[in-house]
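Okay, so here's the structure we're looking at.
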Amino acid sequence: MSFDLNFIGILIGAIMASSVPLILAASGELITERSGVLNLGVEGMMIIGAISGFALMVVTDNLFFAVVGSMLSGLILSLIFGLLTQSLLTNHVATGLALTIFGIGMSAMIGKNFVGIPGKEFPLLFLNLKESIPFLGPIFFGHSIILYFAFGLPFLTNYFLKKTKTGLIIRAVGDSPTSASNQGINVTLVRYSCILYGGAMCGLAGAYLSLIYTPQWIENMTGGRGWIALALVVFATWSPIKVLIGALIFGGITILQLHMQAVGLRIPVQLLSALPYIMTIIVLVVISRDSRKIKLNTPTSLGQIFYKEK
Amino acid sequence: MYKLFLRSLISVLFLLGLSLYANAEFKVGFVYVGPTGDHGWTYQHHEGRNAVEALGIKTTYVESVPEGADAERVIRQLAQSGHDLIFTTSFGYMDPTNKVAKDFPNVKFEHATGYKREHSNVSTYSARFYEGRTLLGHMAGKMTKTNTIGYIASFPIPEVIRGINAMTLAAQKVNPDIKTKIVWVFTWYDPGKESEAAQALIDQGADIIMQHTDSTAPVQVAEKAGVWSFGQASDMQRFAPKSILTSIIDDWAPYYVERSIAARDGTWKQQDTWHGLKEGMVAMAPYNSAMGSDLIKEVEQLQKDLASGKAHSFTGPIYDQKGNILVAEGAVADDGMLAGMNVYVKGVEGDIPQ
């Protein structure tokens, strides 16, 4: 293994790129869960976002439409979830699972005609800076705009939840919908908005996969990343910054274990493959040991059905 | 009483007629593990089906059938609905195929890449993909500047290990300094993981990428990184026009046509087929002119020699990683040894996952 500085920079750049879908989906889901709604449909919304983005790219030949369309399609799918759980008061867990299954099947059906079409090149920013600055170049430059957005998102989310009034309202709804409702807050409306926002972010995460990371459409191409994003939210104890850390660790070890294999380290490959999961859980559990803080961050009414008595 | 008898008689006759009708037309069924548009493994099987259909034989296919319990249900369904010959085109369909074959002795079954023929109506067939790997190895050995070949492997089964070994031996022959770096991804089909593996190998100094997985992701990564690559199962040239030197193509069409005609005409017999370059079951896509005409000529000659039997992918002396002799000087590995290959040859880095 060559250990020169530039190589480490390239490695860090690759790790960042691989954690983007997790950051996007987990940040979206975090807001949804903070409002007290447990949407297990992340994987389904991601895959619908992936196929919609790719299909729109092929049909319109416009990446902007593709990205916006993928967010809209994630949003529409989450709207179904919203209608069922908020208006018809169905169980969150069952509805979310159904949403995932629906999304995977639906995407495969839409995707029939888009299999095997090569993707379009997505513009990467500051490519010349990436080449010219050693070490820092490949870390900070030469990425897609979505990556920069993804890395800003956890900080924005953190600020939004902690420092803004809307953030406070969302947290209030998640912690005690009844009290919030008594304060005159429209709980159902707040939850709807959070569900739709989560859906749009999951759609974007899917589009990142099908438009940028592996530019093509393939059935089931999210490969369980939606479930990892869901787990990240819980292990990060609903803290956006810890979600970012968790996603980076997961992406990092996934890539590092491939490098370790390529170097020919004599560690059982199965253990290496399991390492990202194990390490992410360990690290997140260790950094969020403070039970007081966990209590503070956990949305108390998570997954509970709320209805206003009339 | 009389009415009841008449009723049962009519229904029996009806059922008989129905089954006769169902059997009247000769039909061939196909079970695929992936979507027909995967541009790899399943796509090529589907091309084979199209060739059978072109003869005027009626065919049915079921795609994206997971290996396991679902597979048996699908195969049974095909057998029940009057198909006379059923091709099951993935290794994992081995046991389900044999199980269904037991219950339908009049239906013929053809299982790809397996070795179990428990009943007389089950045949197996596969292709000598390793002959193609030998050609890739020759090109890789000549084209590499870093003397490092990156290989993305799926599962540690003899099929995959044979490919790694065949490639490495051929590359060593033209370039004794080459090293083969392997990354196991434990999947046939996960473009995200395949691209990460390709990128890791490139970052580790590989300037040749090849893969024993089914998606086009690795060649796309290679194209972007400006290193050489090879397509797998079908011609992937349009996914990486600059980077791809050639592709190994699985051509099942002649076999499917031959077996379908045999089954229709009643001459079908159980057999185990292992065809290669000679029979055309393994074919090579056009060679990239970037290799230069001398190298292309060399490779074309080697391809001819492998097809005619003048050359063999596993010609001794071959040593394992510890230096023990596997195949003696002047000898060639027999099919039994090839079928059960479970050690790396000298020059491959790392261990086979157990």
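The values are calculated or read from the model by the stated rules, or taken from the named source; none is laboratory data. Computed from a predicted model, the values in this text were never measured in an experiment. Heads up, the Cβs are rebuilt from the backbone with ideal geometry, glycines too, and the neighbour counts pull from every protein chain shown.
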Practice problem: Test each condition in (1) part of a helix (DSSP H, G or I); (2) surrounded by fewer than 21 Cβ atoms within 10 Å (Cβ to Cβ); (3) more than 18 Å from the chain's Cα centre (by Cα); (4) in contact (Cβ under 8 Å) with a residue 60 or more places away in the chain for B:Asp70 and report the one that comes out false. | Solution: (4)
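From A:Gly152, A:Gly199, A:Gly226, which residue is within 14 Å of chain B (Cβ to nearest Cβ) and part of a helix (DSSP H, G or I)?
A:Gly226
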Quiz item: Is it true that some residue in the stretch B:137-152 is closer than 24 Å to B:Ala253 by Cα and either modelled with pLDDT under 95 or not assigned by TED's automatic domain parsing to the domain that holds B:Thr36 (or both)?
Solution: no
Quiz item: Within the stretch A:16-32, which residues are more than 10 Å from every other protein chain (Cβ to nearest Cβ) and within 19 Å of A:Gln257 (Cα to Cα)?
Solution: A:Met16, A:Ser19, A:Val20, A:Leu22
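For residues that are assigned to a strand (DSSP E or B) and closer than 22 Å to B:Trp274 by Cβ, tally how many sit in the stretch B:304-354.
So the count comes out to 6.
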Quiz item: Exactly one of (1) more than 14 Å from chain B (Cβ to nearest Cβ); (2) part of a helix (DSSP H, G or I); (3) aliphatic (A, V, I, L, M) is unmet by A:Ile212. Its number?
Solution: (1)
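For (1) of a type in the set (Ser, Thr, Tyr); (2) in contact with a strand residue (DSSP E or B) (Cβ under 8 Å, 6 or more places away or on another chain); (3) free of Cβ contacts under 8 Å to residues at least 40 places away in the same chain, each residue gets a yes or a no:
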{"position": "B:Leu245", "(1), (2), (3)": "no, yes, no"}
{"position": "B:Tyr319", "(1), (2), (3)": "yes, yes, yes"}
{"position": "B:Ala331", "(1), (2), (3)": "no, yes, yes"}
{"position": "B:Gly350", "(1), (2), (3)": "no, yes, no"}
Practice problem: Scan B:Ile178, B:Ile202 and give me the residue that is more than 18 Å from the chain's Cα centre (by Cα), within 12 Å of another protein chain (Cβ to nearest Cβ) and at pLDDT below 95. | Solution: B:Ile202
Quiz item: Residue check: is A:Leu232 over 13 Å from the mean Cα position of the chain (by Cα) and either part of a helix (DSSP H, G or I) or under 27 Å from A:Lys120 (Cα atoms) (or both)?
Solution: no
Exercise. Determine which member of the set A:Tyr159, A:Tyr148 is of a type in the set (Ser, Thr, Tyr), without any contact (Cβ under 8 Å) to a residue 40 or more places away in the chain and exposed (fewer than 13 other Cβ atoms within 10 Å of the Cβ).
Key: A:Tyr159
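Take the stretch A:267-310 and flag every residue that is charged (D, E, K, R) and in contact (Cβ under 8 Å) with a residue 60 or more places away in the chain.
Pass one, the stretch A:267-310, residues charged (D, E, K, R): A:289-290, A:292-293, A:295, A:308-310.
Matches in the stretch A:267-310: A:Lys308 only.
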Exercise. Report the residue count in the stretch A:217-229 for those that are of a type outside the set (Val, Ile, Thr) and crowded, with 23+ Cβ neighbours inside 10 Å.
Key: 5
Exercise. Filter the stretch B:35-65 down to residues that are more than 14 Å from chain A (Cβ to nearest Cβ), under 14 Å from the mean Cα position of the chain (by Cα) and in a loop (DSSP other than H, G, I, E, B), then give me how many there are.
Key: 0
